[in-house]
Ligand SMILES: Nc1ncnc2c1ncn2[C@@H]1O[C@H](COP(=O)(O)OP(=O)(O)O)[C@@H](O)[C@H]1O
Ligand SMILES: [Mg+2]
């Protein structure tokens, strides 16, 4: 483990009875990075995070967070990490201020430290002026920011966020990500789980998880340019449904799908597949179709990575 590594995970596994929820996951997160765990529901993201926090005991494998074993050294680690769980654990009947004070006390902040820190986090998440409002009366996007404020009240070095923006509108999501980047610029290491592709794109490094396994990892750019994934042949024509039917029958293609009136063909061998695609389009009477070769989206990368596993849930949840 390198000294600039905040999180190090080797061959991590979690079984619930005979069910394997996390199956041999290894990963490494450098200090100060925004790292994403991307995967569909049930992939094992929350279970992994809970093991990184020391809330669940691994069945096998090793974990180090800031050099500590989260399960056996949870007491020492608690002060150093923040956690925003999938269901924000706020107290609905308490005000914004009371929630922050409560979490501050849980993390051992003194009254003096709290007096200084509470206005800072309120400002950071844009909740100044709302101190006296009950958490239950806040709009969803504001609740989410309060939950973030609570998770960082003690200035954690590592922040775990489990689907922090699920159900939040795109504008609020953007603002939330700007906040995460502010925190990471200040040196915090951030691990965030998501099934939103636009969020995955914003991570510096990603692990794509499916059925408890890492099926691919790297930066979004690296993942989109991995030779084993291939490229996308886009087909523009006036009858995209017909083009779809004509191309779906072609053997050897990774994936053929319609996206907003454009047929996207995922191919591992574009040079060989491009003429075949054009021939198939001509044979179907679609001679005016235009084609272009572009890079795959992260969603297509995910599809390609899970293709070899027929039982995998291939359809990511709708982004909105
Ligand atoms: N305490 C548990 N007992 C049994 N099965 C569990 C438990 N926690 C999670 N699972 C199962 O493990 C799998 C992974 O769950 P989870 O880590 O919550 O996935 P994700 O967060 O990616 O949606 C799911 O199939 C889930 O039903
Ligand atoms: Mg989860």
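Things to note:
- Qualifying residues in region 193-206 (those that are assigned to a strand (DSSP E or B) and within 12 Å of ligand 1 (Cβ to nearest atom)) - the one modelled with the lowest pLDDT: 194
- Subset of region 48-69 [free of Cβ contacts under 8 Å to residues at least 60 places away in the same chain and within 16 Å of ligand 1 (Cβ to nearest atom)]: 50, 51, 54, 55, 56, 57, 58, 59, 60, 61, 63
- Residue that is surrounded by the fewest Cβ atoms within 10 Å (Cβ to Cβ), among those in region 40-59 that are farther than 15 Å from residue 15 by Cα and more than 9 Å from ligand 2 (Cβ to nearest atom): 40
- Residue match in region 189-203 (condition: more than 30 Å from residue 266 (Cβ to Cβ), surrounded by 15 or more Cβ atoms within 10 Å (Cβ to Cβ) and either in the same structural domain as residue 52 (by TED's automatic domain parsing) or within 16 Å of ligand 2 (Cβ to nearest atom) (or both)): yes
Residues are listed down the side, and each one gets a yes or a no for (1) modelled with pLDDT under 95; (2) in contact with a strand residue (DSSP E or B) (Cβ under 6 Å, 6 or more places away or on another chain):
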residue	(1), (2)
67	no, no
75	yes, no
81	no, yes
87	yes, no
91	yes, no
100	no, no
112	no, no
128	yes, no
140	yes, no
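- Listing of helices (runs of 4 or more DSSP H) fully contained in region 207-297 that carry 1 or more residues being within 27 Å of residue 193 (Cβ to Cβ): 220-224
- Scanning region 158-175 for residues that are crowded, with 18+ Cβ neighbours inside 10 Å and assigned to a loop (DSSP other than H, G, I, E, B), we see that the one that is nearest to ligand 2 (Cβ to nearest atom) is 163.
- Region 1-39: number of residues that are closer than 16 Å to residue 218 by Cβ, within 15 Å of ligand 2 (Cβ to nearest atom) and part of a strand (DSSP E or B): 4
The values are calculated or read from the model by the stated rules, or taken from the named source; none is laboratory data. All of these numbers come straight from a predicted model, not from anything done at the bench. No Cβ is skipped: glycine too gets one built from the backbone with ideal geometry, and neighbour counts run over all protein chains shown.
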